Amino acid sequence: MASTASPDEIAKFSALADSWWDPAGAFRPLHKFNPARIRFVRDRLASHFGRDPLSSPGAGLSLLDIGCGGGLVAEPMARLGFKVTGIDAGEKNVGVARVHAGRSQLDITYEDTTPETLAARAQRFDVVLALEVVEHVTDVDAFLAAAASLVAPGGALIAATLNRTLKSLALGKIAAEYVLRWVPAGTHDWRKFVRPSELAGSLRRSGLQVSELAGMSYDLFTDSWRASKDLDVNYLVVATKP
């Protein structure tokens, strides 16, 4: 398969690589967002595999984190017991992730590569995560086809992205980048946001069964995120392979 990684997107996030683990830096919104996202992923995977979410739910399970960046998701997943592989098309991001995992004494395999390359190797994982990466690739269907092919039979895929709505344009793009300054201007291209129906349809065509769509909503009063039924801006999709 041809790579769906975008050179412009790789360059954009590579330029910010040194800020991945700075909770007050360019990735501050991800640090705020991460606890709710990790809880959602942990609970859905524990349910799917019949595990206790509070007692090493990932023990004995392999997990691939696509677009791992500096490791903000890979590290919590490793602490939950998963055997984690993180991949990113940005070599500098992988370097930052590898160094931080070493400092944290976590055994995580990081590789500067793409899901298409892993698919060509016929690799399979019990869990595949594609969080906040779908909106940055050059071909969503091709990317999701590669990601779906990496899910082992009986496994699960969880993807997270932004919906293409007027609300997401106002909040996820204009407010987040230019008013609140949560992320650097130009981080997102609203035209590349993906509707839930498009994402779910693509996953189904790739042989997965979509079991859940859930939103992620920000509470201004508590300055925190939570899972919700509102899919208008941020949302997640859970899919499984028979």
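Using the Karplus relation 6.51 cos²θ - 1.76 cosθ + 1.60 with θ = phi - 60°, the per-residue 3J(HN,Hα) values for the range 122-129 come to 6, 7, 9, 9, 5, 10, 10, 10 Hz, with x marking Gly and Pro. Highest mean packing comes first when the peptides 95-107, 78-90 are listed by Cβ atoms within 10 Å, giving 78-90, 95-107. Ignoring everything except DSSP H segments at least 4 long, calculate the 222 nm mean residue ellipticity for the chain; use -39,500 (n - 2.57) per segment, divide by total residues, nearest 500. About -9500 deg cm²/dmol. Within the listed set SER55, SER149, SER217, the Gaussian network model of the chain (springs between alpha-carbon atoms below 10 Å) gives the highest mean-square fluctuation for SER55. For the chain, modelled as a GNM whose springs connect Cα atoms under 10 angstrom apart, the maximal fluctuation among THR187, THR161, THR114 occurs at THR187.
Cross-chain or 8 or more residues apart, Cα under 22 Å: how many lysine pairs in the chain fit that? Count them up, please. Lysine pairs satisfying the spacing and distance rule in the chain number 12. Estimated at 0.36 nm per residue, the fully extended path between GLN209 and ARG39 surpasses their Cα-Cα distance by 59.0 nm. Comparing PRO196, PRO153, PRO115 in a Gaussian network model of the chain where C-alpha atoms under 10 Å apart are linked, the largest mean-square fluctuation is found at PRO153.
Modelled spin labels at PHE221 and ALA122, positioned 7 Å past Cα toward Cβ, are 5.7 nm from each other. Counting only Cβ charges, +1 for Lys and Arg and -1 for Asp and Glu, the dipole size of the chain around its Cα centre is about 480 debye. The mean sequence separation of alpha-carbon pairs under 8 Å and at least six residues apart, normalised by the residue count of the range 7-240, gives a relative contact order of 17 percent. Which shape class applies to the range 7-240: rounded if a/c is under 1.5, otherwise prolate when a/b exceeds b/c and oblate if not, where a ≥ b ≥ c are the square roots of the Cα gyration tensor eigenvalues? Cα axes put the range 7-240 in the rounded bin.
Throughout, read-outs are computed from the coordinates displayed, never taken from laboratory work. Every value quoted in this text rests on a predicted model; they were computed, and no experiment measured them. Positions of Cβ are generated from backbone atoms using ideal geometry, with glycine treated the same way; all protein chains shown enter the neighbour counts.
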